[in-house]
Every structure is written in C-alpha cells, then in structure tokens.
Amino acid sequence: MEFANRNKAEKMLTVFRIATLAGSVLVALSSGTNYIYSAYAPQLGARLRVSHTQLNIIGLAGNMGVYTSGPAWGRIVDRKGPRIPLIGASICLLVGYFGIKQMYDDGIGNGATVSALHFTLLVACGFLTGMGGNAGLGAAINTTAKSFPPAARGTTTSLVMSGFGLSAFWFSLLAHTFYPGNTSAFLLILAIGTAFPMLIGLLIVKPVPLPPWDRATNEGYDPVLSDDAVIVVAEPQVGLGQEVNAEAETDSAPLLSHQRGTKVHQDSIPPSGVESNTAMALNHERNTGDEDVLPNIHGKRLWLTSDFYLVFIIMAIYINNVGSISQALYAKTHPVYDDIEASKWQAAQVSVLSLGNFAGRILIGLISDFTHNRLHLPRTYCLCIVSSLFIVSQATAIAVSSVKTLWIATLLLGLAYGSLFGSLPAIMIDWFGLAHFSENWGYVSFSPVMGGNLFSLMFGYNLDTHVPAKDANSSLALRTWSGLSDILVSRELPSEHQCFDGKACYMGSLQVTLVACIISLGLSWWAGIRDRHKLRDRTAHN
C-alpha cells in the first residue's frame, strides 16, 4: 500500500515538474529580448534623430540592467521564491518597452533631436528592460534547478537557458512575419509579449519539492516557502510533530543582507507514508556519503574561492564580433558600400548566432547529464568541449574570406556561446551549492562585461588602424565606442566609416582571442582533472 501511494505521489510530482519546466522555458523565452535591440535601434535613431553614441548608451543601459541587477534578483529568488521576481519582471518589461514605444510614436516634432529629458527616459526604459529580463530568467532557472534531481539538472536547466538564447530570434521572426517594417508594432509586441508570459509564470512556475528519497542527494536545497508551495499529494497523514534544523551557516556571511537559518518542516515533504519515507530518506542519507552532498558557498566565501575566479575567467571569453566582421567582408568585395545590403548580411549573422546559441544550450545539457550519470565523470569536463568550440569558431573566422561563408564561423560561435551558458549552472551548483545559486550566478554574470570590455576595445582599435587615413582621426572615438558596444552591449549598429581591407580589419584581434580560448581550454582541462581526483578520493574514503 505504501509503495502504491509512493508511485502515485511520484506521478503527480512528475506532472507538476513538467508544467514547471514548460512555464520556465516560456518565461526564459520572454526574458532574452534585450539582445534584439539592434533590430529596432536604427529606426529609433532615425525617428528621434539621436546619434550612434546615444543609441549605444541606450543599449548599454539595457545590458547594465541585466548584469547589475543579477545579485539582487538572485538573492530575492533564493530567499523568497519566484513570485516577486516574476511580478517585477512583468512590470519592468511592460513599462520599459511601452515607454520606448510611446516616445518613438511621439517623435520629436519640430526639434532637431530628442530632448535631454526624453533621452534620459529612454536610457531608463532600456535599463528596465534589462532588469526585467534578468528577473524572469533568474526565477525560471532557480525554480527548475530546485524542482529536478541532480541526475536531470544539466538537461533541464539547459532547456531553460535555451529559451533565453532563442528569444531574440523568436520575437524578430514574429515581428517580420506579422508587422514587417512597422517598428511601433514591433515594440508593442515586445511590451505585451514579454510582460504577459511572466504573469502566466506566476501560475505554473513554482518549485516542486523533491521527494524524501531524492532529497538526501540534494543538500543545500532551500525548502519551498509556504506562498510558493505547489502540491501535497496524498491522503492525510500523521506528522512527526518535529522540526529538523539544517546546518547553521554562520561561516557564510552574505554580502547583501543578514544571514538566516534554514528550517525544513516535515509538512513541506510530499506525504505518502511519512514515517516510512522518512526512515528511507535517513537510511539513504547514511549510505550516500560526501559524493552527493552539495556545498553551501556564498557571500564573502564565494569571493575567496578559487573556483569562482576560474569560472569568472572562462566566462570572460565572450566573443561576439560577427556584425563588424560581416560588414568588413562585405565592404572588401563591394567597392560601392550599400548600408541596406550590408545590414541584411549582418542580420543574417545575428539569426544564425541565435539559432546556434539555442542548439548549444540544449546539446550541452544532454552531454552534461550523460557525462555525470553514465561516464561518472565531473561535469567540469564539459567546459573542455565549450573551449574547443570557441577555438574552432575563431580558427574558422580567421580562415573565412567571404561574407557568404561567414555563417559557418557564426554558427560555431553560437554553439560555443550557448554551450558555455548552458553548462555553467549545473557546474556552479556542484561547486557552490543550490541554496544560494541565483545570487552566485548574478555575481558570475559580471564576467562577460569585464571580459567584453577588454576584447571589444582591442577589436575597435584594430579596426581603427585600418580605417582610411582621411577618416582615422574623425572616427577614432566613434570606432572605439562601436567596438566596445559590439561585445559589451551585443549591439551591431551601422557605422559612418568602414574598413575596406576585409580580413585584415580583424585578423590581429581574432589571433589574440584564439590564444585566449586555448588558455581557457587548458584551465578547463585542469579543472576536470582536479574534480576527478577529488571524486576518486571521496569514493576511496567511503
């Protein structure tokens, strides 16, 4: 009878988990629209008569909204669950995109350019779109990680991340299908199409507690709070009437607020034969050993951990210059430079990059779980695959000499980028634990900004050295900022000056990034060997 009740509870839990996963993917799909800015930025600039530098500032505000809000949203998700971030995401996205739409529709009248006040509001709206997207993604991936056991965590979290990677392509496809050339309607789609799914997420994106026979392998898991609890599947049971106090976290002082203890109440466990299941969980916990016990590293301890800086360095290899590369290759073979035709090639590269990003996040999740469950190797080895993809993508970009074949390098880069962000959540949980995963992820997410600054400035400088002499002095500041925004903001905007030397415009930059990727591969291989030795030591000890 108890076995039948347990099977019934497992089936119900599976239904709720699938619903949570589907809702999380939907929320993530609505959270990555910050990368579609380049699709409407030129029209916004023409309508409001703002400069390229001002457009880049608006785009930069969106990305800073993503990265600077990460730790704060993560802390809220870790402590309170997904409800507050989802509400905040809906409000931020609706206000942000609708505000941009309203200012686009109003135009500037008889003015020469947009006023300082309206420009400030545009920057604020851009910042809100970034904040909203990060809040939605944080809620989705945290809920998914807490709702699935470690054996499926790599696949499920990468599925959620894949939705985020496909977001720009999805909304761009909707706009070009139903409202081609209508920027105002496009902005309306972004406002409604991103805010409404967050409200749907309020109904279905809720953490599903792991059953007690899986919970022993998920130490560091924060119990589901009462306002986010999803299910209780069973007949009424007599509880044990006791509280189990989790290990105190006095040695982990968080940066954002005071430390709190964690208590797991018996009534938060899916009841079906409570006493029997509790005994089963305790017996499993005795036989599990340290291999399945997650750490709980956060706050100040995170910044003192070498693993944090290892992840930080690997994530800094954030290379996305396909827009500028496509323009340079097009200019080499077309003496009469056509901005419209060049922008089409550029848009094609962005679409290919988005699809590769999507595919990479899904594939690496499957590979991550296969490596962990079948090969019994640390997930860290997946970073070797990621670094290798980056190396191949950079080598291919160096070899490509025609804009018509650039899509191959772009696809490989998308696969590498998607694999990086698809594999890291499960690895971070293995290294730092699940209880403060979202907060830790917020801090690690600063890495692409810092790494992007370095590579983008280098890329912009290399382009400047190949600008015709008569344009070099006038374009230096613009070109440097354009190169910076190409990675930091991930926006490819048309430039007033072009490099016509083809591969020579960026060859030096790609050679440097290729070396950086090789270093990343060495670090990834070292981390995999180190984690494997640790795993062997724990197995021998047990």
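The values are calculated or read from the model by the stated rules, or taken from the named source; none is laboratory data. Predicted model, so just to flag it, every value in this text is computed and none were measured. Using ideal geometry, Cβ is built from the backbone for each residue, glycine included, and neighbour counts are taken over all protein chains shown. Ligands, DNA and RNA are stripped out before the accessible areas are found, and what is left, the full protein with its side chains, is counted by its heavy atoms. Shrake-Rupley method; radii C 1.70, N 1.55, O 1.52, S 1.80 Å.
Observations on the structure shown:
- When Leu424, Leu412 are checked against the criterion of being assigned to a helix (DSSP H, G or I), at pLDDT 90 or above and at negative phi, Leu412 stands alone in meeting it.
- The residues of region 26-51 that are open to solvent by less than 40 Å² (accessible area, probe 1.4 Å), of a type outside the set (Gly, Ala, Ser) and outside any helix (DSSP H, G or I) amount to a single one, Val50.
- Every test in (1) modelled with pLDDT under 95; (2) out of contact with any Asp or Glu (no Cβ under 6 Å at 6 or more places or on another chain) is passed by Ala124 save one, and that test is (1).
- When the helices (runs of 4 or more DSSP H) confined to region 284-337 are screened for residues that are at pLDDT 75 or above and of a type in the set (Val, Ile, Thr), those reaching at least 2 such residues are found at 306-315.
- Where helices (runs of 4 or more DSSP H) fall entirely within region 435-542, those with at least 2 residues that are basic (Lys, Arg), modelled with pLDDT of 65 or more and open to solvent by 20 Å² or more (accessible area, probe 1.4 Å) are at 507-541.
- Residue in region 377-387 that is in a helix (DSSP H, G or I), free of Cβ contacts under 8 Å to residues at least 60 places away in the same chain, crowded, with 23+ Cβ neighbours inside 10 Å and of a type in the set (Ser, Thr, Tyr) present: no
- Members of region 505-542 that are of a type in the set (Gly, Ala, Ser) and more than 23 Å from the chain's Cα centre (by Cα): Gly508, Ser509, Gly522, Ala540
- Residue among Asn357, Asn373 that is modelled with pLDDT of 85 or more, surrounded by 21 or more Cβ atoms within 10 Å (Cβ to Cβ) and of a type in the set (S, T, N, Q): Asn357
- Selection within region 20-50 - small (Gly, Ala, Ser) and more than 30 Å from Val114 (Cβ to Cβ): Ala22, Gly23, Ser24, Ala28
- For Phe98, the conditions (1) of a type in the set (Phe, Trp, Tyr); (2) modelled with pLDDT under 90; (3) closer than 27 Å to His118 by Cβ are fulfilled apart from (2).
- Of residues in region 184-198 being under 16 Å from Leu86 (Cβ atoms) and among the small types (Gly, Ala, Ser), the one most open to solvent (accessible area, probe 1.4 Å): Gly193
- Qualifying residue in region 74-83 (condition: farther than 19 Å from Ile204 by Cα, free of Cβ contacts under 8 Å to residues at least 40 places away in the same chain and of a type in the set (Gly, Ala, Ser)): no
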